[in-house]
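To keep things clear, I will list the structure first and then write my remarks on it.
The values are calculated or read from the model by the stated rules, or taken from the named source; none is laboratory data. Because the structure is a prediction, the values reported are computed rather than measured. Cβ placement follows ideal geometry from the backbone for every residue including glycine, while neighbour counts extend to all protein chains displayed.
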Amino acid sequence: MSIFGLPPLYTTLICATTSIVLLTFWNRRRQKSKLPLPPGPKRFPFVGNLIQAATSGLSMWQTASEWGKTYGDAIYLDIVGFPALVLNSQDVAVDLLAKRSSDYSSRPRFVMPVLAGWEWATATLPYGAKLKKHRAILQKYFLSPDVLNYTDVQQRNCYMFLQGLLDNPEKYDKHAHRLPVSILMMNVYGHEVETDDDPFVRLGEESGRALIDHISYIFLDLLPWMQSLPEWFPGTNFMKIAREGRVLSSRLRHELYTLTKKKIRDGTAKESMTTKFLGDAAANNTSNLASYEAEEEEFADVAAMVYLAGGDTTSTAIMNLILAVLKFPETMYRAQEEIDRVVGSDRLPTFEDRDNLPYVNALCTEILRWEVLGPFALPRCTTQDDEYRGYRIPAGTLVLPNVWAIANNPDVYPDPSAFQPERWLPGGANVESIRPMDYIFGYGRRICPGRVWVEHLLFITAASLLATFNIDRALDVNGEPIPIPNVVHDETSFIRFVSPSACTFKPRSEKAARLIREAASIGPA
């Protein structure tokens, strides 16, 4: 007998097979390591491609798109020491992020977000068991129509949004932000937002902006030893900012969640994903306190992430809707004609009207393409070496889908800078083209779980707003329309926030104003 306790022939076969497998694996790794990196502009020591990007006169995503004309739709860059692969086309993004999602679904672990207490956030988690658990919770308690009838909450809060425009149209940006936040608070916690200065609204705003700001502290990833310096040392203000971030992070995770638990005990809680979870958890873990507490902590993280992620992105889409009809007023008139014909003037639009409002649907689709919310989205990170089209992609490479380049590809979307909802209608230039919903919400295992929620809210907001209001540019002292300035975006932010414009919101009729007040009198939930 052999040392394996098997006949010599079997032992020989096992050893030979193992040797062949190991040799093949080693040879493939060796061959892969000899492959060239993907093409890209010349990289300089220390700064990589940073100076070229900073002096191009364009945004980073536009610069990467221009480089793509020379180097192709997968370009390799060096961002001050970080290897990065920018994906300039939908085909490449799908090939890597969807079809090879097992290797391209992780996130880089930036230093500052961890220092500031955001290591729990679903959107920043590396791919693994914890992320899978978070997404399972989302699927069960937020996305399932059997759990939450969120469209009813969306519609009723939309009435409150219209009421706000009637009463204070000059604060339309505040109303646009409050709308998705109010819905999310009700969906997630059963909390009703009654005033613009609701402390939990402020907490969400501060937390969202803080997380985005913390991700931009890339110098700490280049100089990690700075974490060891005393706080009084020059250049260590980030420590104070991180400490404040930890307070925000903890408050976001626990304050509303704890309040909801108190309301359950008091018998005043409204139905939400939190009440559903707590009911299930109590029933399933009655004899296992440790399991209950661990599951509860996971859920609190997911609930906070839903609230954190949905507010800014969706309110920005609503702001883009208003910006679009200000710049292209003919689209408002055409949408209003369709709404008047289908819905009439005796009621407000509902979700049941959606299938009969093709132009309004096309307008919502075009909003998501015309001004993409996140030009690069959140970066992915490769978990192992890979080969693609004869090029080597090293493990640890940042992977950035250039969503802006995909949405503005003139070969796919003629005249991409123009806002043209008709391109999506039968007979339109893009009726058979890639829909923005296929790229703005991510790919593969990191696709945004709230994408249907966003689409629903954008539709009912657009239909209700255009059914009841005329939106026009404000007039200057000479009675001339005030020009709409070009939108300037903060390139350090993953979301392209939109500033308010000088404009007016006027009810289309007295009947429209009356319909709004009657609908809003019911309340938000």
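Laid out as a table, the results:
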| item | result |
| --- | --- |
| Out of Thr313, Thr260, sole residue that is in contact (Cβ under 8 Å) with a residue 40 or more places away in the chain, assigned by TED's automatic domain parsing to the domain that holds Tyr141 and under 30 Å from Arg369 (Cα atoms) | Thr313 |
| Residues of the stretch 208-230 classified as in contact (Cβ under 8 Å) with a residue 40 or more places away in the chain and assigned to a loop (DSSP other than H, G, I, E, B), total | 3 |
| Options Val487, Val454: the member that is part of a helix (DSSP H, G or I), under 23 Å from the mean Cα position of the chain (by Cα), surrounded by 12 or more Cβ atoms within 10 Å (Cβ to Cβ) and touching a residue at least 24 places away in the same chain (Cβ under 8 Å) | Val454 |
| Pair list, Cβ < 8 Å and 6+ apart or interchain, from the stretch 360-374 residues that are more than 18 Å from Ile339 (Cα to Cα) to residues that are of a type in the set (Lys, Arg) | Glu371/Arg496; Val372/Arg496; Leu373/Arg496; Gly374/Arg496 |
| Residue among Val360, Val325, Val306 that alone is touching a strand residue (DSSP E or B) at 6+ places or on another chain (Cβ under 7 Å) and in the same structural domain as Val454 (by TED's automatic domain parsing) | Val325 |
| Filtered residues of the stretch 352-382 (kept if part of a loop (DSSP other than H, G, I, E, B) and modelled with pLDDT of 95 or more) | Leu357, Thr382 |
| Residue match in the stretch 236-247 (condition: under 22 Å from the mean Cα position of the chain (by Cα), within 27 Å of Arg109 (Cβ to Cβ) and buried (at least 21 other Cβ atoms within 10 Å of the Cβ)) | yes |
| Number of the condition not met by Asp73 [criteria: (1) surrounded by 13 or more Cβ atoms within 10 Å (Cβ to Cβ); (2) outside the structural domain of Leu400 (by TED's automatic domain parsing); (3) at pLDDT 95 or above] | (2) |
| Any hit, the stretch 419-428, residues being among the charged types (D, E, K, R) and in contact with a Lys or Arg (Cβ under 7 Å, 6 or more places away or on another chain) | no |
| From the options Ile482, Ile495, residue that is in the same structural domain as Cys364 (by TED's automatic domain parsing), under 30 Å from Ser216 (Cβ atoms) and either over 23 Å from the mean Cα position of the chain (by Cα) or modelled with pLDDT under 95 (or both) | Ile495 |
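This table checks each residue for (1) touching a helix residue (DSSP H, G or I) at 6+ places or on another chain (Cβ under 6 Å); (2) at positive phi; (3) surrounded by fewer than 23 Cβ atoms within 10 Å (Cβ to Cβ).
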site	(1), (2), (3)
Lys327	no, no, yes
Gln336	yes, no, yes
Leu348	yes, no, yes
Arg369	yes, no, no
Pro375	yes, no, no
Arg389	no, yes, yes
Thr397	no, no, no
